[in-house]
Amino acid sequence: MSDDLQALKRVAALDARIFDLEEQAEQIPRQIKQEEQAVEDARERLEQKKLELLDFQAKTETKERELRDAEEKVTKLRQQVNQASSNKEFQSLQREILAKEAENTRLEDEVISQMQTLDREKEERDRLAAQVEQAESEVAEKRKELEKELKKAQAEVAELHKKRDEAAKPVARDILAKYERLIGRRGQTAMVPAVLGACQGCFMKLRPETMAQLRRGSDLVTCHSCGRILYLDTNA
Ligand SMILES: [Zn+2]
C-alpha cells in the first residue's frame, strides 16, 4: 500500500470514529426529551385525577346536603306529629316519618360509600403526586448525566477532528479530495477493505483486475460497484 493510502486509512479510521461519536451525541437531546415526556405524562395523569377528585367532591357535598335537608324534613314532621289534631293525621304523619327515615338510611349509606370512594381517590392522587415528584428528580439526575455525556462526546469529537486534520496532511490532495467527495455520499465508510476478493462496503465480488491493482499497490483503487476506495486487508 502506498504511503498516501496508508495515511488515508488513518484518516478514514478517524472519520469513522468521529461519525459514530457524532451520531451518539445526536441521540442525547432526543433521550433527554423522552425522559422529560415521561414526567409530562405523569403530571397530566395527576392533573386529570385532581379534576376527577373535584368533581367527585362536589357530588359528595350535594349528596350530604340532600341528606341534611331530608333530616330536617323528618324533624319538622316530628313536630307536626306532636301537634296532630286527629288520630288519622297522627297515623298518616307517622307513616310519612317512617318512610322518610327509611329513605334517609339509604341516603346515609350512599354518603358513606361516596366518602370512602373519595378517600380512595385522594390516596390515588397522593400516589400520583409522589410519582411526579420521583419522576422529576429522576429526570433532573438523568438530564445532568446526559448533558455531561454530551459535553464529553463533543470534546472528544473536537479532539478527533484535530487528529484527523493532522493525519490528512501527508495525503496527496487529489486522493484526499476524492475521498472527501466519497465520504460526503457514503457516511463513515468511504474507504473499506477488500476481504477474500469482496468489497466490504457493498459486499460485491471484486473484478480480477481490481484485485490485481490492489496487489500492485496502485494509488487509488475503487470498487466498480459502490465506488468506495479499497485497500487490501493484509490480516484477512
Ligand atoms: Zn463496493
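The values are calculated or read from the model by the stated rules, or taken from the named source; none is laboratory data. Values in this document were obtained by computation on a predicted structure and should not be read as measured data. Positions of Cβ are generated from backbone atoms using ideal geometry, with glycine treated the same way; all protein chains shown enter the neighbour counts.
Annotations for the structure displayed:
- Evaluation of LYS142 against (1) surrounded by 15 or more Cβ atoms within 10 Å (Cβ to Cβ); (2) within 23 Å of ASP4 (Cα to Cα); (3) of a type in the set (Lys, Arg) (one fails), failing number: (2)
- Pairs where the first residue, in the stretch 88-102, is of a type in the set (Val, Ile, Thr) and the second is surrounded by 13 or more Cβ atoms within 10 Å (Cβ to Cβ), C-beta under 8 Å, 6+ apart: ILE97/VAL74; ILE97/LEU77; ILE97/VAL81
- Candidates LEU182, LEU206, filtered to the one that is buried (at least 17 other Cβ atoms within 10 Å of the Cβ) and touching a helix residue (DSSP H, G or I) at 6+ places or on another chain (Cβ under 9 Å): LEU206
- Extreme residue, farthest from PHE19 (Cα to Cα), among residues of the stretch 183-197 that are of a type in the set (A, V, I, L, M, F, W, C) and not in a strand (DSSP E or B): LEU196
- Where GLU180 falls short, out of the listed (1) under 23 Å from GLU22 (Cα atoms); (2) away from the ligand (no atom under 16 Å from the Cβ); (3) touching a residue at least 60 places away in the same chain (Cβ under 8 Å): (3)
- Scanning the stretch 6-55 for residues that are in contact with a Ser or Thr (Cβ under 9 Å, 6 or more places away or on another chain) and free of Cβ contacts under 8 Å to residues at least 60 places away in the same chain yields a count of 0.
- The residues in the stretch 116-137 that are exposed (fewer than 14 other Cβ atoms within 10 Å of the Cβ) and in contact (Cβ under 8 Å) with a residue 24 or more places away in the chain can be counted, and the count is 1.
- Failed item, numbered, when GLY217 is tested on (1) over 20 Å from ALA13 (Cα atoms); (2) touching a residue at least 24 places away in the same chain (Cβ under 8 Å); (3) outside the structural domain of ASP55 (by TED's automatic domain parsing): (1)
- Filter result for GLY197 (among the small types (Gly, Ala, Ser) and in contact (Cβ under 8 Å) with a residue 12 or more places away in the chain): yes
- The one condition in (1) part of a helix (DSSP H, G or I); (2) surrounded by 12 or more Cβ atoms within 10 Å (Cβ to Cβ) that ALA84 fails to fulfil: (1)
- Restricting attention to the stretch 198-236 and to residues that are away from the ligand (no atom under 12 Å from the Cβ) and part of a loop (DSSP other than H, G, I, E, B), the residue that is farthest from ASP3 (Cα to Cα) turns out to be ALA236.
- Which listed residue, of GLU147, GLU141, GLU159, GLU166, is of a type in the set (Asp, Glu), in contact with a helix residue (DSSP H, G or I) (Cβ under 8 Å, 6 or more places away or on another chain) and part of a helix (DSSP H, G or I): GLU147
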